[in-house]
Amino acid sequence: MKIRFIINPVSGTGKQKGIEKYIAKHINNYEVMYTKNAGDASKISEDAVRKKIDAVIAVGGDGTVNECLKPLINTDTAIGVIPCGSGNGFAYHIGMKRTTKEAIKQIKKTQITYIDSCSVNGTPFVNISGIGFDAHIAKLFSKSTKRGYLNYIRLILKEINYKPEEYNISYNNINRKVTAYMISFANASQYGNDAIIAPKANIQDGLLDFVVVKKFPKWKIPFFLLQIANGKVHLSKHIEIIRCKNMKINTKKTLLHLDGEPYNVNSPIEVSLLEKSLKILKPYE
């Protein structure tokens, strides 16, 4: 199997430094390419499809994975991931190890399987996207010079006065109005660092988990964050999880995040799932 590693040298906290020596030690048929600018990973992935390379390995975080996967949907080129970002939600969801060295060893023992991919107004994502508070934090985080989990938590606590918004949602021939701090579109289960927003999400079940975080008293925020950390947020009475394949959202908000990266979109927002549309390298369980 021919593998192309796409390395984002500025992703996350720098775990990718010196990675080539581990790749050379454990992988035989491979090549390494580095990104320099935004959009490079997509171009390199697209070239891999043209050259019929068997797999692209995104070395970075969820944003790098998102860039790499866009040209890979409904192709014969699989995607894998070495978690080197700030959150690494998708990598951890599929069972990748936390250290770079151990994750590279896993690549030799992965299985190729098909998973669902998703899109917002035609733009793909694979892990978690959303509108509202998490998109607001994603935008602030993207502008911050400090990376890592602790800085993410610091931003959340700093922005606790964020006000809920009204959203008109349509799904399964149902039309509703909800007031929510955010609506997460979860294909997988976590943002990263084991912050689990959709504990029941499954990347192979043909459904998205839309997590509606309703208005609740601010003094409950620490308990809400604890539930996310413990993977029990679905038990909160302030959470509604709607499981469906498509949802249309009408809102005045234009800021989303796609796999953790801020993204502006026009309303209505159409979130869709495409079953078994992406090949991935997944560790054996």
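The values are calculated or read from the model by the stated rules, or taken from the named source; none is laboratory data. A quick note: this is a predicted structure, and the numbers were derived from the prediction, not measured. No Cβ is skipped: glycine too gets one built from the backbone with ideal geometry, and neighbour counts run over all protein chains shown.
Assorted remarks:
- Screening segment 201-273 for strands (runs of 3 or more DSSP E) wholly inside it with 2 or more residues that are closer than 16 Å to Ala180 by Cα and not small (Gly, Ala, Ser) returns the ranges 208-214, 239-244, 246-250, 255-258.
- From the list Pro199, Pro217, Pro222, the one residue that fits, being of a type outside the set (Ser, Thr, Tyr), crowded, with 19+ Cβ neighbours inside 10 Å and without any contact (Cβ under 8 Å) to a residue 40 or more places away in the chain, is Pro199.
- Candidate set: segment 223-274, residues that are farther than 23 Å from Asn193 by Cα and among the charged types (D, E, K, R); chosen: the one modelled with the lowest pLDDT: Lys253
- Within segment 112-145, considering residues that are out of contact with any strand residue (DSSP E or B) (no Cβ under 6 Å at 6 or more places or on another chain) and surrounded by fewer than 20 Cβ atoms within 10 Å (Cβ to Cβ), the one nearest to Thr179 (Cα to Cα): Leu140
- Hey, Gly231 closer than 30 Å to Ile112 by Cβ, assigned by TED's automatic domain parsing to the domain that holds Lys163 and surrounded by fewer than 18 Cβ atoms within 10 Å (Cβ to Cβ) or not: yes
- Residue in segment 42-50 that is of a type in the set (S, T, N, Q), assigned to a helix (DSSP H, G or I), under 18 Å from Gly260 (Cα atoms) and in contact with a helix residue (DSSP H, G or I) (Cβ under 8 Å, 6 or more places away or on another chain) present: yes
- Residues satisfying the stated conditions in segment 118-159, i.e. touching a helix residue (DSSP H, G or I) at 6+ places or on another chain (Cβ under 7 Å) and either closer than 27 Å to Pro71 by Cβ or of a type in the set (Ser, Thr, Tyr) (or both): Pro124, Phe125, Val126, Asn127, Ile128, Phe141, Ser144, Tyr152
- Top-ranked residue of segment 59-106 - restricted to ones that are within 17 Å of Pro262 (Cα to Cα) and of a type in the set (Val, Ile, Thr), ranked as surrounded by the most Cβ atoms within 10 Å (Cβ to Cβ): Val65
- Residue among Lys25, Lys43, Lys15 that is at pLDDT below 95 and farther than 21 Å from Met1 by Cβ: Lys15
- Selection of segment 101-110 for residues being at pLDDT 90 or above and of a type outside the set (D, E, K, R) yields Ala103, Ile104, Gln106, Ile107.
- Residue tally, condition more than 20 Å from Gln111 (Cα to Cα) and in a loop (DSSP other than H, G, I, E, B), over segment 16-41: 8
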